[in-house]
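Only one structure is covered here, and it is reproduced in the block below.
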Amino acid sequence: MTPRNTRILLIASAFLAGLMLCFAVLLMVVGRGAGPITGPSAVGGPFRLVDQDGRAVTEQDLKGRPTLVFFGFTHCPDVCPTTLFEVSEVLEKLGPDAEKVNAVFITVDPERDTPETLKAYLSSFNPRLKALSGDAEAIAKVAKAYRAYYRKVPLDQGGYTMDHTALVYLMDKNGAFVAPFSLKRTAEAAAEDLRRHL
């Protein structure tokens, strides 16, 4: 190898070593910011609503048990009844442990979903399910706390429907967000997952 080729090889090697060092430092700096979040979750928070029996319910009433929270409305043609049926199946599979879990359906359509309407609607599902409503302001506040989206959509033939987040939130015993709760598995598997948070 000629001296000139040796010099080029040394320069290229030094350049690559420097590039790798810069890349390693960059990974360390960026990696610090991408680590696990140890602060409180930004999902959930204070609310004051009314259940299907007309009783006031706040986030404090749910503490002490893991809670499944789902936003929907009684005129929903498919997603809401399907989700509530699947949650009912999970509660059924929990057996006696279902008493240690909260399952809450919060309406995004307070205009139509009065406590009486919600009570009649819930009669088709597991009796452990609780439905919550309130005035438009209270619903907007709780939806914002859970980062749940909803919007009234007028229908061509009159009336309206609601677009909304179709996520089931799993909150821990202290009211902190754990993760979205997947119902895309067997009811037995979902029940076992939920049992780990009791």
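Observations, loosely collected:
- Residues (in contact with a strand residue (DSSP E or B) (Cβ under 8 Å, 6 or more places away or on another chain) and among the aliphatic types (A, V, I, L, M)) located in region 177-198: Val178, Ala179, Leu183, Leu194
- Which listed residue is farther than 21 Å from Glu59 by Cα and basic (Lys, Arg), from Lys130, Lys93, Lys100, Lys119: Lys93
- In region 178-198, residue surrounded by the fewest Cβ atoms within 10 Å (Cβ to Cβ) [restricted to those that are of a type outside the set (A, V, I, L, M, F, W, C) and closer than 17 Å to Asp97 by Cα]: Arg196
- Restricting attention to region 139-172, the residues that are more than 17 Å from Asp78 (Cα to Cα), within 15 Å of the chain's Cα centre (by Cα) and in contact (Cβ under 8 Å) with a residue 12 or more places away in the chain total 11.
- The single condition among (1) in contact (Cβ under 8 Å) with a residue 24 or more places away in the chain; (2) closer than 21 Å to Arg196 by Cβ that Gly95 does not meet is (1).
- Here region 119-135 is the region considered, the condition is being more than 20 Å from Val101 (Cβ to Cβ) and under 21 Å from the mean Cα position of the chain (by Cα), and the residue that is surrounded by the fewest Cβ atoms within 10 Å (Cβ to Cβ) is Gly134.
The rows are residues; the columns are (1) of a type in the set (Gly, Ala, Ser); (2) surrounded by 12 or more Cβ atoms within 10 Å (Cβ to Cβ); (3) modelled with pLDDT of 95 or more.
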position	(1), (2), (3)
Leu21	no, no, no
Val30	no, no, no
Gly33	yes, no, no
Ile37	no, no, no
Val57	no, yes, yes
Leu68	no, yes, yes
Cys76	no, yes, yes
Glu86	no, yes, yes
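- Test result for Thr82, more than 22 Å from Gly44 (Cα to Cα), in contact (Cβ under 8 Å) with a residue 40 or more places away in the chain and among the β-branched types (Val, Ile, Thr): no
- From the options Lys100, Lys63, Lys93, residue that is basic (Lys, Arg) and under 18 Å from the mean Cα position of the chain (by Cα): Lys63
The values are calculated or read from the model by the stated rules, or taken from the named source; none is laboratory data. These figures come from a predicted structure and were not determined experimentally. Positions of Cβ are backbone-derived with ideal geometry, glycine not excepted, and every protein chain shown enters the neighbour counts.
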